[in-house]
Structure formats: structure tokens, C-alpha cells
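Report on one structure; see the data block that follows.
All of the numbers you see were taken from the coordinates with simple rules; none came from a lab. This one's a predicted model, so the numbers in the text were calculated from it and none came from an experiment. Ideal geometry is used to build each Cβ from the backbone, glycine not excepted, and the neighbour counts take in all protein chains shown.
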Amino acid sequence: MIESVGSKFFKSITETADDLGGRFEIAFTNFSNKITEDADILASEFISLSSLIKIVLSILIILLLLIIFKYLTLGTLFLKNRWLGRHNQLSEAQVRAIMNSHIRYMFILLSQLLLKEMFFLFLY
């Protein structure tokens, strides 16, 4: 008689534990599937955003180089005015010709740097 009471008691506990385990397994499977779907969506969005980030970075590099070129040009104009003030024996046309050649040379160097940066950005 004690054995039948014990087996009935443990049988009900076993069934309850089995039922709870099954429910937990279903809930955990649903939860992990939702997390996996969300992670896949996020990964695809990050992949699509990486090309946009490259475009934005290339635009920012171009703007930065244009700002640098602007200030280099202003600096050379300032140096030209100082040089004209110190060396009065040179005519203004001669100084302009020298400065224009320097400005063209700096523009060529900056454009080469820009091309290298763009190539490096899209390469990696």
C-alpha cells in the first residue's frame, strides 16, 4: 500500500516535471528562433550600411581635403604678400607666376593624395 501511494505521488511529480520541461523547451525554442531572426536582420542591415558608410567617409575626405587646400592657398597668398613686401626688385607678375606654379603643384599633390585615399577606402 505504501508503495502504491509512493508510486502515484512520484508519477504525478514526474508527469508535472515532464509537462513543465516540454513547455520550457517550446518557449526556449521560440525565444532562440526570434533572437536568431533579429540577429540575421541586424547583420543584413549592417552589411547594407557599410557601403553607405564608405560613401559618406569618401565625401568627408573630399571635403576635408578641399578645406586643407583652401587654407594652403590662403597661406601661400599670405606668403606671397610678405615676399612682395620684402623683395621689391621682383615685379608682381614674376611673383604671381612663381606662386601659380606652386599652387598648381600643391593642387596636383592633393589630387594624387585624394585618389590614393579613395582607392584605399574602396579597396578595404
- By the scheme Lys and Arg +1, Asp and Glu -1, what is the net charge of all other residues having a beta-carbon under 13 Å from that of residue 102? +3
- Message: On a straight-distance basis, which aspartates and glutamates could pair with residue 80 in a cross-link, Cα separation under 15 angstrom, same-chain partners fewer than 8 positions away excluded?
- Response: 92
- Item | Gained length - residue 53 relative to residue 20, 0.36 nm times residue gap less alpha-carbon distance | 7.1 nm
- Note on the structure: Assertion target for 113, 60, ordered by fewest C-beta neighbours within 10 angstrom first, is 60, 113
- Task: May I ask you to derive the FRET efficiency for residue 78 and residue 112 from their Cβ-Cβ distance with R0 = 22 Å, giving the value to the nearest 0.05?
- Result: 0.35
- Taking 14, 73 and counting other beta carbon atoms within 10 angstrom, the fewest-first order is 14, 73
